[in-house]
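S.K.: Please find one structure pasted underneath; my questions will follow.
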Ligand code: 1CP
């Protein structure tokens, strides 16, 4: 019997995919969290046309349009599909609505009966099918060099909203449920994790080339809780995705994880970790970024520079580019751009990055 070795996977050509594969590039590719959003007049116009935020998420032509707006205006290296992490709770059966000027509201889940009443993970496609259509449109319409990113919330962050019924400063309701009935809380995390695997798999089948897991509230987990509810669910999702869709990179964003950024990619199988602006780029270069696969970091300019601009913006951008130039790096903000940001500052950030820092 002759054994024929499998041909090596073709090397990616898009810059974001090259960085995620562990390549150190002379100029880091760049995109920006919340790049489609209220700081852009064209976004506000399309959102007004949609009527409300959820309508915008579930109307594929309009969701694709707002995804493309920052690509046309700035030429970012990646487009992130327009949707929201809270569509998954809705697909699992939570009521979801947005209060203008305040934010999201959901029906609350506080005990084992609430978890048991959720829909099965496999049924999420009934609600989420329009998101897959958005991705199919984007794959047709994006420039050939632009990477298409899909996303979901990580289970802990999604659970904090499902338990509290809204955004909270300290995620106290989720911590309380975890303490009162750890098994019920773990069942909630598992159900969200299963739904997330289904959702991200379908996103990849519809054309997402990279997926990102947003764990915006990971920083409020301590000790064993961080291992059980940030690391383990993320690792489980990534293992299932690697199994179903080998070669599709995953970016993990355990926001405000601080020292727990160290080893997070290795512990979860993530191809990159996104850094918030609470850690310094110099520290991350020493402690988080590594040469080769799994060593890529993304980040981490403070989004307030998109409001204030000026020489500080240029200096900080250069400092981050230089600090992370020795390994695989995707330039980004440390969190989402805010509605009061000035689009001219975004253009200045991109110009500075592309000038080599
Ligand atoms: O009025 C508006 O137009 C709504 C503002 C808005 C936008 C533009 C919301 C409501 N969601 C979004 C889009 C969105 N949300 C994207 C689109 C892609 C892009 O980045 O351009 C993404 C990736 C998200 C992810 C998201 N939603 C996160 C994780 C990232 C983060 O910011 O930490 C979280 C926590 C949410 C929940 C959410 N959705 C919207 C708001 C205002 C919030 C935060 C609510 C709160 O905690 O109070």
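Read-outs throughout are calculated quantities, based only on the coordinates presented, and are distinct from any laboratory measurement. Just so you know, these numbers come straight off a predicted model, no measurement behind them. Cβ coordinates were reconstructed from backbone atoms using ideal geometry, including for glycine residues, and neighbour counts include every protein chain displayed.
S.K.: The range 160-230 to the range 272-299: how many Å between their Cα centroids?
M.R.: 23
S.K.: Let me ask you something else. Between the range 120-142 and the range 58-76, what is the separation of their alpha carbon centroids in Å?
M.R.: Centre-to-centre distance over Cα atoms comes out at 15 Å.
S.K.: Quick check: pseudo-label points 7 Å beyond the Cα along Cα→Cβ at residue 172 and residue 340, how many nm apart are they?
M.R.: Those two pseudo-labels are separated by 2.6 nm.
S.K.: Considering every pair of different Cα atoms, what Kirkwood radius, in Å, is found for the range 153-287?
M.R.: Values: mean 1/r = 0.0660 Å⁻¹.
Mean inverse Cα-Cα distance, inverted, gives 15.2 Å.
S.K.: Quick check: convex hull over the Cα atoms of the range 10-149, volume per residue in Å³, rounded to an integer? Before the final figure, lay out each step's value.
M.R.: Details: hull volume 21.6 nm³, N = 140.
It is 154 Å³ per residue.
S.K.: So what's the back-of-envelope 222 nm ellipticity for the chain, counting only DSSP H runs of four-plus at -39500 (n - 2.57) apiece and dividing by all residues, rounded to 500?
M.R.: Working: 17 runs with 166 residues, N = 357.
Result for the chain, helices only: -13500 deg cm²/dmol.
S.K.: Applying 1/(1 + (r/R0)^6) with R0 = 41 Å to the Cβ-Cβ distance of residue 347 and residue 242, what FRET efficiency is obtained, to the nearest 0.05?
M.R.: Values: r = 37 Å, r/R0 = 0.90.
With a Förster radius of 41 Å, E is 0.65.
S.K.: May I pose another question? Once both labels are modelled 7 Å past Cα along the beta-carbon direction, what's the residue 125-residue 308 spacing in nm?
M.R.: Placing both labels 7 Å beyond Cα along the Cβ direction yields 4.9 nm.
S.K.: On to the next question. For the residue pair residue 112 and residue 73, what label-to-label distance in nm results when each label sits 7 Å from Cα along the Cα-to-beta-carbon direction?
M.R.: With each label placed 7 Å out from Cα toward Cβ, I get 5.1 nm.
S.K.: Could you give the Stokes-Einstein D for the chain in µm² per second, using the C-alpha Kirkwood radius, 4 °C, 1.567 mPa s?
M.R.: Details: Rh = 20.6 Å.
It diffuses with D of about 63 µm²/s by this estimate.
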